[in-house]
Amino acid sequence: MTETMDMPQVEMKKPVALEKKPVKKMLIICSKGKLEDVYAALVLANGACMEGIESKLFFTFFGLEAITKKHAEHLHTATVGNPAFMPGMPTMLGGLPGFEAFASYMMKKEMDKLEIPHVTEFIEMIEAAGGEIFACKLAADMFHLKKEDFLPQVKDIITVGDMYALAEGEGTQIIYI
């Protein structure tokens, strides 16, 4: 036997229509140096440039590897601690010697089939399209990196305050990877 209760009536209000404003600027912060994270940042920045949206990339901490002369073309994909990598495969296999190098090779091979540019070529394309690339001063100091360690497309090594200044203006979106 169910008992019914009188419920108070709630007045339903119409949703407030938000004013749509165009995205004018993208500030993409890349803090990770794994292949899949760096490419996510590069694809978003390049896409913004292609849509006529001002694009700025800020690389910090391990993301700096993507813009150093030494590491830019030698990024790896994460095989350990990445539950989306080869679902159904025991996590333990990702830690076997040579597995990360093999997985990175296979990922790069698939990207080549799709004619996705290599990291340095992507960075050149973004700069040529008007995008700007910056390195984080704190992280660069922490890893003992100087301006000459970075790819030539890196416009400057800047502070977090400088990075926030890049975001000034209406229509700016910030993405953190």
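Read-outs: derived from the displayed coordinates by stated rules, not from any lab. Predicted model, so just to flag it, every value in this text is computed and none were measured. Every residue, glycine as well, gets a Cβ built from its backbone with ideal geometry; the counts of neighbours run over all protein chains shown.
Here are a few things to note about the model shown:
- Ranked 108, 147, criterion: other C-beta atoms within 10 Å, fewest first: 147, 108
- Of interest is the spacing of the C-alpha centroids, which for the stretch 48-122 and the stretch 18-41 amounts to 16 Å.
- 38, 23 arranged by Cβ crowding within 10 Å, fewest neighbours leading: 23, 38
- Estimated 222 nm signal from helices in the chain, with DSSP H stretches of n ≥ 4 weighted -39500 (n - 2.57), rounded to 500: -9000 deg cm²/dmol
- Taking the DSSP beta bridges with both ends in the chain, the antiparallel portion is around 5 percent.
- Cleavage-rule hits, GluC sites (Glu not before Pro), the stretch 68-148, DSSP coil, Cβ neighbours within 10 Å at most 14: 73, 115
- Distance in nm between pseudo-label sites at residue 128 and residue 113 (7 Å out along the Cβ direction from Cα): 2.6 nm
- Computed extension length for residue 143-residue 96: 14.1 nm, one decimal, from 0.36 nm per residue of separation with the Cα-Cα distance subtracted.
- Residue (of 67, 144, 133) at the positive-pole extreme of the chain, dipole from beta-carbon charges: 144
- Packing-based order for 11-20, 54-63, using average beta carbon neighbours within 10 Å, highest first: 54-63, 11-20
- Near the amide H of residue 68, within less than 5 Å, lie the amide hydrogens of 151, all on another chain or at least 5 residues away, with H placed in the peptide plane.
- P(r) tail fraction, the chain - alpha-carbon pairs more than 27 Å apart, %: 40 percent
- Residues considered: 53, 116, 67. Largest GNM mean-square fluctuation over the chain, using C-alpha springs under 10 Å, is found at 116.
- Under 5 Å from the amide H of residue 175 lie the amide H atoms of 27, 28, 29, each residue being 5 or more positions distant or on a separate chain, with H modelled from the backbone and absent for Pro and chain starts.
- Whole-Hz couplings from phi, Karplus 6.51/-1.76/1.60, listed for the stretch 22-35; x for Gly and Pro: x, 6, 10, 8, 10, 10, 10, 9, 10, 10, 10, x, 7, 3
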